[in-house]
Structure formats: C-alpha cells, structure tokens
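Reading through the structure tokens given below for one structure.
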Amino acid sequence: MTLRISWREASARRLRRQFLANPLGTGSRRPAETVAAMLGAHAQVPSAAELSVGVRTEGVTRADVRTALWEDRSLVRTHGPRGTVHLLPAAELPLWSAALTAVPAGPSPFPPGVRLTDEQAAQVVAAIGEALDGAQLTVEELGEEVVARTGPWAGDLVMPAFQDLWPRWRQVLHRAGQSGALCFAPNRGRKVTYTRPPHFGPLAPEEALRRLVLRYLAAYGPATPRHFAKWLAAPGGWAADLFARLAADGEVEDVLFEGAPAWVAAGDTDFPEPAADVRGVHLLPYFDAYAIAAQPRELLFPGAAWQRALAGGQAGNYPVLLVDGVVAGVWHQRRRGRRTTVTVEPLGRLTARRTRELEARAERVGEVLEAAAELVIGEVTTGPHA
C-alpha cells in the first residue's frame, strides 16, 4: 500500500531536519553542520546567511559564522544551487562541484556575438583557477589575469549589466565557482575579492547527483522531480529522467503527498505526527533555504501570503514569518549602531502566546547579529529585495 503523507507531517519533519524546531545544542558552534542540513545557505546578502545559520544553531552569532568562513575555512562562500552565492561546507565541495557542473546549462541569454563558445568558457574557467591559486584578487585584477591567459576577446565589454557593460569573461563567473576554481575571499576594504578553494577531487557526476537527490529528499521531501528542478534551476525533463533512474535502482520510492504522487529516499518513510516542538513561530531571513526549497509552494505560502510574501511567485525576496510551518507574514530589520528594530507584519491575528514567542525570536535575531533587538508589530514598508 502506498504511504500517504500530509502537509502537516511533511512540514513537521522538515522543521526538525532543518534545525528550526530543534536548533543544534547550546555552544555547539557547528555552522558547517547546520549549513549541510540546509543544503547550503543563500549568501548573496551575507547577514541573511548569518541569520539562516544562527536561528538554527543555539549560541552561534555572526562572528562564529565568519570564523568558520574566513579562519577555520570549514565553510566557503561560492556559487551554489541556481548559480547564486551560497555558503557551503568546505568538506562537501567534491559533491557540490560534481553535481552542479553535471546539471545541463540552459540556453544562453546573450546573442551570438556576445556569448562565449563552450571552448572559450572552458578556457576562462581554467584561467580563473590558475590566476586565483594562492592569490586573492578583486574582479578587476582577476579580469586582467584572465585576459592575459586567454586573449583580448575575453575582455571585450559586451555583457549588459546594471546599466553598464561587463567584459565577456564574466558570463562564466558562476560556473567557475560551481566547478571549484573560485570562491570568495575576505573583502579588501569595500572591494570583493576572490581566491581558489583548496584543491579537491570531485566525485563521479552520477554518484554526486544520486547523493544530492537523496540529500534533498531527506531535507525537503516528499518532493517531485519538478520541485527538485526548480530548486536547482535544472531542466524539468532532465530531472524526471534522473529520478526515473534512481527509482529503477531502488534508491527512491513513491508516496502520496497530499494525494499527489511524490518521492522520498528509499526507506526514509518515518513521518511522526506533529508535536508541540514543531508548532511555533520562526523568523526566516531573505532567501532562507526553507522558504526556497520546501514545496509545494502554494501550501507553504497559503492565502494572503501568496501575494504578500512572494515577488511574482519568487520566494526569498521578503524575510518571512513562519507560524506552524507556513508563511504567515513578512518582516524587516533595520540596524542602527548596536541596536536593530525588527518590524513584523503578521497576516492574521497573533495570540498572546504567539506574541511572546515572536518576542523571543526577535531577540534571537538580535543575538545573531550582535545587536539589541526591539520588536515592532506593524506594516513592513520596504519593498522586495532585488
């Protein structure tokens, strides 16, 4: 008999496995373990990544995340799922690099006279890795090294970006990050710098993809190939074929999730009834992994949340208030010196108990950001993050 799983059961398991219902213990100081459970922390906005890790790990502040990133090097900041900037565990780079570079690239958004050929792209990625080996370079310095190693064509200012033109080689900056040729280094003043992560041998592509699917299903399942493809920015047909191969090998098994076919990792069918530990209030920052990866999105963003907390259907553009595992509002924090004001806009009435929980969550936001937090319940007037 096919196992039937409800949204409440799936949501409860996801909250536990994401360390939202049960943060890693006091003093654990294990940002890399937390990031591994999330399958990467979105880090285009560094403070958002610090919050994503901090709300899941008791006692951890932004300083601990920065120590893991720049001193311990147990984390790296690089290009991850969807080509966007993420924190990833350094120990998992062999998996991520092999899996991400095995995802078929979509059609280039640039016209033929602008885009790189496959051969040119490979040359640029190799040149980036060579230039950054043992060095920390700004993007301008890196560009000079890439052009010197490839040819003037790489430096042609043909790539439209932010009302400006960037050199041709920057089309594959994200690909260099995904392949392990590049990661971020500490800023030089206000300038971003790049370096190369420690050399590693990537896994075989098919093995890496197998592991990534099973990890995704463990963290966010039940899920469909379409959900996986959306999270990874991969072609839907390719994802369906990948799941079919895993099913044929007995690696995944089908279930009914809210009455529709979905998949879990084979044998991973324990969905305990939701208990008190998974009911509650959470504040998730911009592009938090839970808001991005948990599907189906119409159940995660029910009712008014669909219009208020999404931007054109895209998740992550607003920090969200979770109540019992679903989005029930938006929030924003504005820092002034050693204080930060946390403004929360609920989409429904909060009970006195929920309000007390929210006060504790706002206080935790302040602790992670090393600031004293003041909670304000009212309208959030800032627009979506671009």
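The values are calculated or read from the model by the stated rules, or taken from the named source; none is laboratory data. These numbers come from a predicted model, not from an experiment. Cβ: placed from backbone, ideal geometry, glycine included. Neighbour counts: every protein chain shown.
A few comments on the model shown:
- Of the strands (runs of 3 or more DSSP E) lying entirely inside region 209-304, those containing at least 1 residues that are within 15 Å of the chain's Cα centre (by Cα) and either loosely packed, with under 14 Cβ neighbours inside 10 Å or not small (Gly, Ala, Ser) (or both) span 281-284.
- Residues located in region 161-180, provided they are over 18 Å from the mean Cα position of the chain (by Cα) and either assigned to a strand (DSSP E or B) or among the charged types (D, E, K, R) (or both): ALA161, ASP164, LEU165, TRP166, PRO167, ARG168, ARG170
- Qualifying residue in region 139-146 (condition: small (Gly, Ala, Ser), surrounded by fewer than 22 Cβ atoms within 10 Å (Cβ to Cβ) and not in a helix (DSSP H, G or I)): no
- Scanning region 30-69 for residues that are part of a loop (DSSP other than H, G, I, E, B) and either in contact with a Ser or Thr (Cβ under 8 Å, 6 or more places away or on another chain) or closer than 20 Å to ARG334 by Cβ (or both) gives ARG30, GLN44, VAL45, VAL55, ARG56, GLU58, GLY59, VAL60, THR61.
- Filter result (touching a residue at least 12 places away in the same chain (Cβ under 8 Å) and either touching a Gly at 6+ places or on another chain (Cβ under 7 Å) or closer than 18 Å to ALA49 by Cα (or both)) within region 333-362: GLN333, ARG335, THR340, VAL342, THR343, VAL344, GLU345, PRO346, LEU347, GLU357, ARG361, ALA362
- Just one of (1) under 25 Å from GLU357 (Cα atoms); (2) without any contact (Cβ under 8 Å) to a residue 40 or more places away in the chain fails for LEU69. It is (1).
- Scanning region 213-231 for residues that are in contact with a Phe, Trp or Tyr (Cβ under 8 Å, 6 or more places away or on another chain) and touching a residue at least 60 places away in the same chain (Cβ under 8 Å) yields TYR216, TYR220, GLY221, PRO222, ALA223, THR224, HIS227, TRP231.
- First in region 241-261 and under 16 Å from PHE271 (Cβ atoms), second anywhere and assigned to a loop (DSSP other than H, G, I, E, B), Cβ under 6 Å, 6 or more apart: VAL252/ALA266; GLU253/ALA266; VAL255/LEU3; VAL255/PRO222; LEU256/THR2; PHE257/PRO222
- Selection status of PRO46, touching a Lys or Arg at 6+ places or on another chain (Cβ under 6 Å) and buried (at least 17 other Cβ atoms within 10 Å of the Cβ): no
- All of ALA12, ALA63, ALA37 fail the test of being within 23 Å of LEU358 (Cβ to Cβ) and outside the structural domain of GLU298 (by TED's automatic domain parsing), apart from ALA12.
- Residues of region 21-79 satisfying the condition of being among the basic types (Lys, Arg) and at positive phi: ARG29, ARG73
- If you go through region 361-381 and keep only what is surrounded by 12 or more Cβ atoms within 10 Å (Cβ to Cβ) and either among the β-branched types (Val, Ile, Thr) or more than 23 Å from the chain's Cα centre (by Cα) (or both), you end up with GLU363, VAL365, VAL368, ALA371, ALA372, ALA373, GLU374, LEU375, VAL376, ILE377, VAL380.
- Pairs with Cβ under 6 Å, 6+ apart, first in region 28-56 and more than 24 Å from HIS174 (Cα to Cα), second part of a helix (DSSP H, G or I): ARG29/ASP64; GLY54/VAL368; ARG56/THR34
- Residue ID - farthest from the chain's Cα centre (by Cα), chosen from residues in region 76-92 that are in a strand (DSSP E or B) and hydrophobic (A, V, I, L, M, F, W, C): VAL76
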